[in-house]
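Read the structure below first, then the notes.
The values are calculated or read from the model by the stated rules, or taken from the named source; none is laboratory data. All figures in this text were calculated on a predicted structure; none of them were measured in a lab. Neighbour counts are summed over all protein chains in view; Cβ atoms, including those assigned to glycine, are modelled from backbone coordinates with ideal geometry.
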């Protein structure tokens, strides 16, 4: 079928994103996690002393949406809050969160491998720089 929309980079980017996010949802379904929850687990696992507001800034999630996101992970016993200076609290993985993180990281790795396998070998080194350029100057 002749699709004139396939000439539009923005349209193609949206379609590619939709397809990849659908596949990521499938990969995370066995863990009962949404992509944002799994991403937050990864971020907490990699950043000591990370606060909820810092996580929201890094992930591009508004404060009003971060509260229920962290609350869901906390209610499942995957993260806890640790006192820092003043009123600030760091987000930390619990033992259950650390155990689940290994599986989540494997799901993300499989996702990334699948994405890159779809890209012809000579173009692979250009994928990340192109996406960062489209995202904008503050993306790096």
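Before moving on, here are some points about what is shown:
- Residue in region 76-96 that is more than 16 Å from residue 36 (Cβ to Cβ), part of a helix (DSSP H, G or I) and out of contact with any strand residue (DSSP E or B) (no Cβ under 8 Å at 6 or more places or on another chain) present: yes
- For region 106-123, the set of residues classified as part of a helix (DSSP H, G or I) and within 18 Å of residue 19 (Cβ to Cβ) consists of 107, 108, 110, 111, 112, 113, 114, 115, 116, 117, 123, listed by residue number.
- Condition check for residue 105: in contact with a helix residue (DSSP H, G or I) (Cβ under 8 Å, 6 or more places away or on another chain), under 27 Å from residue 125 (Cα atoms), surrounded by fewer than 18 Cβ atoms within 10 Å (Cβ to Cβ) and in contact (Cβ under 8 Å) with a residue 24 or more places away in the chain: yes
- Single residue of region 53-75 satisfying the filter (touching a helix residue (DSSP H, G or I) at 6+ places or on another chain (Cβ under 8 Å) and in a loop (DSSP other than H, G, I, E, B)) that is nearest to residue 39 (Cα to Cα): 61
- Single match in 28, 43, 12, 5 (criterion: more than 24 Å from residue 116 (Cβ to Cβ) and assigned to a helix (DSSP H, G or I)): 5
- Subset of region 62-79 (residues that are surrounded by 15 or more Cβ atoms within 10 Å (Cβ to Cβ) and either more than 13 Å from the chain's Cα centre (by Cα) or at pLDDT below 95 (or both)): 66, 70, 72, 73, 74, 76, 78, 79
- Test: residue in region 22-32 that is loosely packed, with under 15 Cβ neighbours inside 10 Å, within 14 Å of the chain's Cα centre (by Cα), in contact (Cβ under 8 Å) with a residue 40 or more places away in the chain and within 30 Å of residue 130 (Cα to Cα): yes
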